[in-house]
Amino acid sequence: MTTKPLSGPAAIAALPRDRLIGEFSLWSADLANMERDLKRIEAHADLHHIDVADARFTPGFLFFPDLVARIARLTAKPIHVHLMVEADIVEAQTRQFIEAGADLVTIHAENGEAGLRAVKLARELGAEAGVVLRLETPVDAIEPFLPDVAFVTLLGTSIGVKGQGLSEKACPRLIEARALIRKAGRAADILLAADGGIRHETVPLLRAAGADTVVLGSLAFGDPDLARRIAWLHGLKAAA
């Protein structure tokens, strides 16, 4: 069992702010050899990203609390659970995944009032909270969540489907989200994440549009020289 130096809000607050954060999507790991892949990325990851899907809000099923609990025992890095679930179960799922070891739970703004309750519940349970948007949802849907979250994640592809190209709307949406975060007075407190369509040629564009982190899948797990890939990632400059 690995002991985490920090957990919950403290772990998220300690993430680097002076470079692009390396957030690794475990959906792109070899799921039959998860422990091996966790060992491979441990030195390079700032944050593990775990997608949870209920096959109602999304096309298929992904990850479950017992697996997250096992992963949490194998890593010292924070765990970010992205809940892609319907509003009627989002609060129960928030509780289950925090009990399993999630440090950060992001809730879809499309969950409405139930999503706002889930964000407050996450914080009451000692975890950090975030808000996430589907590609087709107007960016201003994040506004009711901004007082209570530490993460805003924007999907740059259709939800729950691997291998898609980045939408041309993704970068303008990041710029709009950054402006709303500043307007809310939370620029120093909220990290802005881009998820989906993450490729060698798109990451610099997303970084320049304001992303503090990108959710790395095959770009990281498929690279035989992971140290070089992460050095490249860390060297990308934000917009002035």
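Of note:
- Only one of the numbered conditions (1) at pLDDT below 95; (2) in a helix (DSSP H, G or I) is not met by N111, and that is (1).
- Residue count for region 46-80, restricted to those that are β-branched (V, I, T), under 14 Å from the mean Cα position of the chain (by Cα) and under 19 Å from T157 (Cβ atoms): 2.
- Tally of residues being under 13 Å from the mean Cα position of the chain (by Cα) and under 18 Å from D103 (Cβ atoms) across region 122-164: 10
- Those residues of region 144-168 which are of a type in the set (D, E) and loosely packed, with under 15 Cβ neighbours inside 10 Å, in sequence order: E168
- Exactly one residue out of G210, G197 is touching a Ser or Thr at 6+ places or on another chain (Cβ under 8 Å) and at positive phi: that is G197.
- Residue in region 123-138 that is touching a Phe, Trp or Tyr at 6+ places or on another chain (Cβ under 6 Å) and of a type in the set (A, V, I, L, M, F, W, C) present: yes
- Criterion violated by V90 - all others in (1) crowded, with 20+ Cβ neighbours inside 10 Å; (2) at pLDDT below 95 satisfied: (2)
- Number of positions in region 98-130 that are surrounded by 24 or more Cβ atoms within 10 Å (Cβ to Cβ) and in contact (Cβ under 8 Å) with a residue 40 or more places away in the chain: 8
- For region 212-223, a residue qualifies if it is part of a loop (DSSP other than H, G, I, E, B) and among the small types (G, A, S), and the qualifying residues are G217, G222.
- Residue within region 68-80 that is among the polar types (S, T, N, Q) and surrounded by fewer than 17 Cβ atoms within 10 Å (Cβ to Cβ) present: no
- In region 45-59 there is no residue that is of a type outside the set (K, R), under 15 Å from A118 (Cβ atoms) and touching a Lys or Arg at 6+ places or on another chain (Cβ under 8 Å).
The values are calculated or read from the model by the stated rules, or taken from the named source; none is laboratory data. Note that the coordinates shown come from a computational prediction; the quantities given were computed from them, not determined experimentally. Because the Cβ atoms are built from the backbone with ideal geometry, glycine has one as well, and the counts that use them run over all protein chains shown.
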